[in-house]
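First the structure, in the form of structure tokens, and then the observations on it.
The values are calculated or read from the model by the stated rules, or taken from the named source; none is laboratory data. On a predicted model such as this, the values are computed, not experimentally measured, just so you know. Neighbour counts are summed over all protein chains in view; Cβ atoms, including those assigned to glycine, are modelled from backbone coordinates with ideal geometry. Heavy atoms of the whole protein, side chains included, go into the accessibility calculation; ligands, DNA and RNA do not. Shrake-Rupley method; radii C 1.70, N 1.55, O 1.52, S 1.80 Å.
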Amino acid sequence: MTVVKEIKEVVTILFAGDSGDGIQLTGGQFTDTAAMLGNDISTFPNFPAEIRAPIGTVAGVSGFQLNFGSVEIFTPGDQCDVLVVMNAAALKVNLKSLKPGGVIIANTAGFDKKNLRLAKMDEEYTIQADKKLDGFKVHEVDVTKLTRETLESSGLGTKAVDRSKNMFVLGFLYWIYDRPMDNTINFIESKFKGKQDLIDTNIKVMKAGYHYGETCEAFPTQIEVKPADIEKGVYRNVIGNQAAAIGLIAAANKAGLDLFYGTYPITPASDILHTLSRHKNFNVKTYQAEDEIAAICSAIGASYGGALGVTASSGPGIALKGEAIGLAVSLELPLVIVNVQRGGPSTGLPTKTEQSDLLQAMYGRNGEAPVPIIAAQSPTDCFDAVYEACKIAVEHVTPVFFLSDGFIANGSEPWKVLSEDQLSDITVKFAPPREESDAAFLPYQRDEKGSRPWAIPGTKGLAHRIGGIEKENLTGNISYDPDNHELMTRLRQEKVDNIANYLPEQKLDSGKEGDKLLVLTWGSTYGVVKTAVQDLQKEGVSVAHAHVRYMNPLPKNLSELLKKFDKILMPEMNNGQFVRIIRDKFLVPAIPFNKIQGLPFYSREIKAKIKEVLN
Amino acid sequence: MSTEAIKAKPKAQDYATDQDVRWCPGCGDYSILKQVQSVFAELEVDKDNTVFISGIGCSSRFPYYMNTYGMHSIHGRAPAFASGLKSINPDLNLWVITGDGDSLSIGGNHFIHALRRNFNLNILLFNNQIYGLTKGQYSPTSEKGKVTKSTPVGSVDHPFNPLALSMGADSTFVARSMDRDPKHLRAVLLRAQEHKGTSLVEIYQNCNIFNDGAFFTFTEKETKGETVLFAEQGKPLVFGANNDKGIKLDGFTPRVVNLSEASANELWIHDETDRVKAGILTRFFDDPSKEGALPRPFGIFYVEQRSNYETEMIAQVNKAVAAKKANLNDLLRGSNTWEIK
Ligand code: SF4
């Protein structure tokens, strides 16, 4: 049979099923293979909040969305072209995410009476009779049965056999998209090393899925997605949290400091801890403290001792750390505070994404307590942004916030491999030892940056006392003097403001000054907005895009840049936070555009809003 | 002060700062500060290698008065700062200064976790059974029924027994002393400093402004003979104004016996390495005014040699460093790459 090949630029696939169906693994393997074939990619896993949510229920549905193409990709895609569902609940939850006319691949074994009941659907439901599926191309495949038949003579129990059914789906999709299986075969061989029976069965099932595609004739055409025209070089795949962990190690390494990571387990930040704890050979000390407060206090203690102290959490944990962040501001010690944001308030939506902790980072402390803030824009940018956060913390001797969120922390994209010498230097300046005959040591004497000396215990002649009570300028002795307090408050603020002199100016990401509208973004909305704006520019719409990563202090030229536009639109995954700062600082009538669903924006939503604002 | 003077033999005053000490006149904190400074002089402590970390409260002003490194941190959290610092520089001589509210109320969590982790540091718990800095509210060690500004008709809280709590948290060094007995306090501080692990020293401290005389039954000449028991290693537990009473263990129950009636070898011999007996001893916590009350013990209750958190943490790092040379380029590259040509 000769197979016709259809060529597509971009394809979005959403794998959905029970947490136990191996959805994340299937998606991850398809991603790796696509990346190796030279496609540009972006992924977004969507987990249920419960670890072992009841099997087959709506609450237990896990998803993995993958966008790959022969053009540059900046988002995991809006609606998907292909929806793979392993059971009824997965279809129920995700049907709205499928494009009109899209393809559904449904595991019919997941639509039996029991599964329908678990999904709270009518037990008489059938896919064929479902009117809602009209207009979609539905392919029913009894994956469970086919997998069992494939492994009939394997001697494995039903449970073990059923566990490999995701490999059948993967093989089937590999055939549809004309992908080689080698990469996954290598993966299976290394994952199950020493367990030959598991290696054999998994490969056998994947191949069965592939051959099923070839012979079943359900898909008369294979779809080809050609390699993207991306910059030449060696690439790897990276998840945002992993990139952040590598960034922390790289920064400490370049600075010649020990890395101390004091933290308390919390979703979605814990993966940074897991990654760091496997890299002790880089002089990484991970400390799982008794609570969030102890986590940051231990990190401050470590910084005081001359290490790069880092603490990480998500919104609820950051709230607990508030008082200690204030102390770090007052002590003026280097510290990096990582916030992988999630839906709030309170416990909120632990596994979902939101950008709603910006004002917390900006103002969430008692007293005047300014802290510099850098926000990452994509999974790979977690590396760069956290690296910069460390550099500022150490070179300006101050606590710094690094903001990420669940979307980019768990999302992945290809990352052009960096080498050590491409990283900027980080200069550490410890206060030098002092002889008794030298001039008195002044722990709060500032340098040209406005920073005080980093004087670590154990240094000869520098014994001094610091604390959270207001300090006298220069000596650091306790002072309740009114004028001194005002002076110190201003000096701490100036030190932070002064960082802007060391940061790059704000640029437009696309478009030009004088366009009718500027879309102004921060954080993880970058890719979606970039895609939307570029699409509209191709249609001739007069729109520009600027993306801010230095949230505090803001780039020096931002005010000037904003004045070049009549209208400013600010999409945010919150109820309007950055827009308040921009309106407050620059008195411009920026228009908020908010989505607060625990989910990222879709490009189409941004496009529609831009058109609305321009009309 | 010249370098030569220090080398000759430091004096207690060499460990004082130029800052005015701002505790109320007559506060028990003065005596504790003096004893710490004199122990430092005796041990010729290197002030550049010593750090005091405190929380919030009257006692937590302590670091400002010690001519060493010092951090006056936030309420209840001193042990948490200390754990990070000690992980980075295990050679520092580290002291945590805390009070009953600081360590047992707002900082209770950090207190017990510090004890179980057993960092090599000393915790001096100034217990005055009151909130002094906030002007006189009852504390977690105040006796039940305590009338204070916040409890005008008496508190209904059952108080903490700090040493029993420490035993429960698997502390490796548990001791009690008092501000009014400088000799005893010095001896205990010397042992605490010697111990490789978290040394917990509870110090009964008089707050003469808000809780004057809270411990007078144990500290004053007239009464202490009958109410105080000084536990000494290897010696029988004997007390009384005329040293005429002893403690005998009847199964697990301690009983007061008259020495004229009991033979010396029946008495409880203090063994600071005996966890079970130490547990019983910390439970000598009776109200001294009650008939038949057991005396309140002072001294070193329990000592155990156990590995320190920082030592094990650093050993893991060193082992990893020796096993696999850190190569940043390899880390940046990861294990799975592809090339776009
Ligand atoms: S209030 Fe009490 S504890 Fe505080 S300094 Fe005065 S006497 Fe000492």
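Structure values in brief
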| item | result |
| --- | --- |
| GluC sites (Glu not before Pro) restricted to DSSP loop in segment A:425-534 with at most 10 other C-beta within 10 Å | A:E435, A:E448 |
| Segment B:61-115 - percent of accessible surface contributed by carbon and sulfur, probe 1.4 Å | 49 percent |
| Net charge contributed by nearby residues that have their C-beta within less than 12 Å of A:L118 (K/R +1, D/E -1) | +2 |
| Dipole magnitude (debye, nearest 20) for segment A:4-224, charges at Cβ of Lys, Arg, Asp, Glu | 620 debye |
| Spin-label model distance (nm) - A:E6 vs A:R117, 7 Å beyond Cα toward Cβ | 3.9 nm |
| Other protein chain Cβ atoms within 10 Å, averaged over every residue that makes up A:454-463 | 6 |
| Percent breakdown of C-alpha pair distances by 5 Å bin, ordered from the shortest bin, for segment A:270-317 | 5, 20, 29, 28, 15, 3, 0 |
| Estimated FRET transfer efficiency (A:D134, B:E339; beta-carbon r; R0 56 Å; 0.05) | 0.80 |
| Area projected by the alpha carbon convex hull of chain A, averaged over all directions, nm² | 31.0 nm² |
| Cα Rg, Dmax, segment A:429-502, angstrom units | 13.3, 38 |
| Cα lying deepest toward the dipole's positive end in chain A, options A:A89, A:I249, A:G309, charges on Cβ | A:A89 |
| Shielding by other protein chains, A:251-264, mean Cβ within 10 Å | 1 |
| Convex hull of segment A:421-561 built on C-alpha atoms - directionally averaged projected area, nm² | 13.3 nm² |
| Cut-off 17 Å (backbone N to label point 7 Å along Cα→Cβ of A:Y480), residues of segment B:14-53 | B:19-25 |
| Viscosity 1.306 mPa s, temperature 10 °C, Stokes-Einstein D of segment A:567-612 from Kirkwood C-alpha radius, µm²/s | 143 µm²/s |
| Prolate/oblate/rounded label for segment A:97-197 (Cα gyration tensor, a/c 1.5) | oblate |
| At most 15 other Cβ within 10 Å, DSSP loop - trypsin sites (Lys or Arg not before Pro), segment A:549-614 | A:K556, A:K563, A:K564 |
| Net dipole in debye of segment A:301-422 [+1 Lys, Arg Cβ; -1 Asp, Glu Cβ; about Cα centre; nearest 20] | 360 debye |
| Two-site FRET efficiency, A:H274 against B:A315, from Cβ-Cβ distance with R₀ of 30 Å, rounded to 0.05 | 0.90 |
| Within 10 Å of each Cβ in B:313-323, the average number of Cβ atoms from other chains | 3 |
| Semi-axis lengths, Å, segment A:320-463, gyration tensor of Cα atoms, sqrt of 5 times eigenvalues | 34, 21, 10 |
| Rounded tilt (10° steps) of A:196-216 against the dominant C-alpha axis of chain A | 60 degrees |
| Relative counts (whole %) of C-alpha pair distances in chain B, using bins that are 20 Å wide | 29, 52, 15, 4, 0 |
| Stokes-Einstein D (µm²/s) once Rh is taken as the Kirkwood radius of segment B:231-341 over alpha-carbon pairs, at 20 °C in 1.002 mPa s | 115 µm²/s |
| Rg to Rh, two decimals, where segment A:508-614 supplies the alpha carbon set and Rh follows Kirkwood | 0.92 |
| Using alpha-carbon coordinates, inclination of helix B:309-323 to the longest axis of chain B, degrees | 20 degrees |
| Spin-label pair B:D18/A:K96, simplified geometry with 7 Å Cα→Cβ offset, distance in nm | 7.0 nm |
| Sulfur and carbon atoms: percent of accessible area, segment A:429-502 [1.4 Å] | 53 percent |
| Compactness of segment A:98-147 as Cα Rg over 2.2 N^0.38 Å, two decimals | 1.18 |
| Sorted peptide list for B:234-240, B:56-62, A:255-261, criterion being average Cβ within 10 angstrom, highest first | B:56-62, A:255-261, B:234-240 |
| Accessible area per residue, Å², chain B with all protein chains present, probe 1.4 Å | 43 Å² |
| Cβ charges +1 (Lys, Arg) and -1 (Asp, Glu), total dipole of the protein assembly as shown, debye | 580 debye |
| Whether segment A:187-275 is rounded, prolate or oblate, judged on the alpha carbon gyration tensor where a/c under 1.5 counts as rounded | prolate |
| Sites A:V428 and B:D287, calculated FRET efficiency, Cβ-Cβ separation with R0 60 Å, nearest 0.05 | 0.60 |
| Where Rh is the Kirkwood radius over Cα pairs, Rg/Rh for segment A:4-224 | 0.94 |
| Simple label model, 7 Å out from Cα along Cβ direction - A:S437 to A:E50, nm | 7.5 nm |
| Local electrostatic count at B:P254 - Lys and Arg +1, Asp and Glu -1, tallied over other residues with Cβ under 10 Å | +3 |
| Chain A: angle of helix A:381-395 to the longest principal axis, Cα-based, in degrees nearest 10 | 10 degrees |
| Cα pair distances exceeding 16 angstrom across segment A:168-235, given as percent | 55 percent |
| In Å, descending, principal axis extents of the Cα set of segment A:236-422 | 43, 37, 27 |
| Segment A:278-389: C-alpha gyration tensor shape, a/c 1.5 cut-off, then a/b vs b/c | rounded |
| Cβ crowding within 10 Å averaged over residues, with B:313-321, B:106-114 ranked highest first | B:106-114, B:313-321 |
| Å² of accessible area per residue within segment A:80-175, as computed with a 1.4 Å probe and no ligands counted | 47 Å² |
